[in-house]
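Each value in this text was obtained by applying a stated rule to the coordinates, not by laboratory testing. In this text, all values refer to a predicted model and were calculated from it rather than measured experimentally. Note that each Cβ is placed from the backbone with ideal geometry, even for glycine, and that neighbours are counted across all protein chains shown.
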Amino acid sequence: MNGLALCIILPLPQNVIDYLLDDGTLVVSGRIETPSCSHADDGSDEEQDIQWSDDENVTTLTAPEFPDFAAKVQEAINSLGGSVFPKLNWSSPRDAQWIAMNSSLKCNNLSDIFLLLKSSDFVTHDLTQPFLHCTDDSPNPKVYPQLVLRKWCELIPGGEFRCFVKENKLIGVAQRDHTQYYDHVCNQAANILSSILDFFRNQIQYKFLDEDFVFDVYRDSQGKMWLIDFNPFGEVTNSLLFSWEELTSGQTISKGDLKDPDSPAFRYITSEMTVQPSPCLSYRLPKDFLDLSRGEDAHKLIDFLKLTRNQEPESSEDEG
Ligand SMILES: Nc1ncnc2c1ncn2[C@@H]1O[C@H](COP(=O)(O)OP(=O)(O)OP(=O)(O)O)[C@@H](O)[C@H]1O
Ligand SMILES: [Mg+2]
């Protein structure tokens, strides 16, 4: 995690927002080579329509291009070390991870980023109804959608923790990846909790604009703490090994093992028996669909074509 910039934020131009919200196509800008296509290049950054042409039975599909925006994104990626983790104002495209070529949110160029953002329901939610679950009466503020690019870091899921702060007090800490049992979390629970509490007191407490909030941290193998993200204190944020009822009701949650009177509750998976499925599984497609769409498995493609041929109604040959 050395280097200068860790994060770069770029405003999303309206034509890029329109493209991300356009359900009409999954073709990703910059991904498909279209030599037979003749677009007038007037030097503008305007979105170009997606077109089908049928010259000499060759069908090409072109994606819109955003040269100015693409140049800014590439420059940002380069200055962040060549690979980034993308997100918008609030959400990352975690639900679309399965669709990426590398099955990861690691992006090296704008096409990688567009593929994830266009496929993500979480991102669409940020763009279309970010205040859906807000309960106060104040009018929704104007939102300027932004692309947040973070320097890519290889994070070990067992080092991530979610911290719940109510009235500026750290009341609960939970293992972020609650689907797995991690030996080191069990063995070093007191150390981990104490470094999170120190980090909160020294770096976070009273510095955030709200007094109720959730923050995510990463504890690296040297024990150093890194702030990953802030989240709203409420239902839109996954409460992981707590329930929102216990976090908001004011009832005392059993404290962690620290002697410190302000010790928050610490919840982590304590045995391999309690392992749960990954929360983003429901957003995935069957692997066969993916292999077919990527053309990676020729045998599956042949089987699929045979299956469709067998299912064609007999009469179709007699038609015409
Ligand atoms: N810079 C990074 N490099 C690599 N992986 C990252 C990076 N930042 C975050 N991640 C991974 O992505 C996950 C989600 O990141 P983040 O919390 O910022 O997204 P989010 O959309 O706000 O998620 P949530 O909805 O759970 O709050 C993190 O738990 C972490 O595993
Ligand atoms: Mg978050």
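The table that follows gives values for the structure above.
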quantity	calculated
Quotient of Cα Rg and 2.2 N^0.38 Å for the range 169-234, N being how many residues it contains	1.13
Pairwise label distance in nanometres, residue 255 with residue 5, each label 7 Å out on the Cα-Cβ vector	4.5 nm
Protection proxy ranking of 149-161, 103-115, 5-17, 200-212 - average other beta-carbon atoms within 10 Å, highest first	103-115, 149-161, 5-17, 200-212
Given charges at beta-carbon only (K, R positive; D, E negative), |dipole| of the range 157-274 in Debye	300 debye
Cut-off under 5 Å, modelled amide H: who pairs with residue 267 long-range	173, 174, 175
Net charge of Cβ neighbours under 10 Å - reference residue 215; Lys, Arg +1; Asp, Glu -1	-1
Viscosity 0.890 mPa s, 25 °C: Kirkwood-radius Stokes-Einstein D of the range 157-274 over Cα pairs, µm²/s	172 µm²/s
Two-decimal Rg to Rh for the range 128-218 - Kirkwood Rh, Cα set	1.03
Cα-Cα over 22 Å, subset of 106/166; 169/259; 72/207; 87/224	106/166; 72/207; 87/224
Cα-based radius of gyration of the range 97-149 once divided by 2.2 N^0.38 Å, which approximates compact folds	1.42
Charge tally in the Cβ shell below 14 Å around residue 178, where Lys, Arg are +1 and Asp, Glu are -1, residue 178 excluded	-1
Cα centroid separation, the range 72-98 to the range 220-239 (Å)	18 Å
15 Å beta-carbon shell around residue 205, net charge (K/R +1, D/E -1)	-3
Antiparallel bridge percentage (DSSP; both residues within the range 157-274; nearest 5)	85 percent
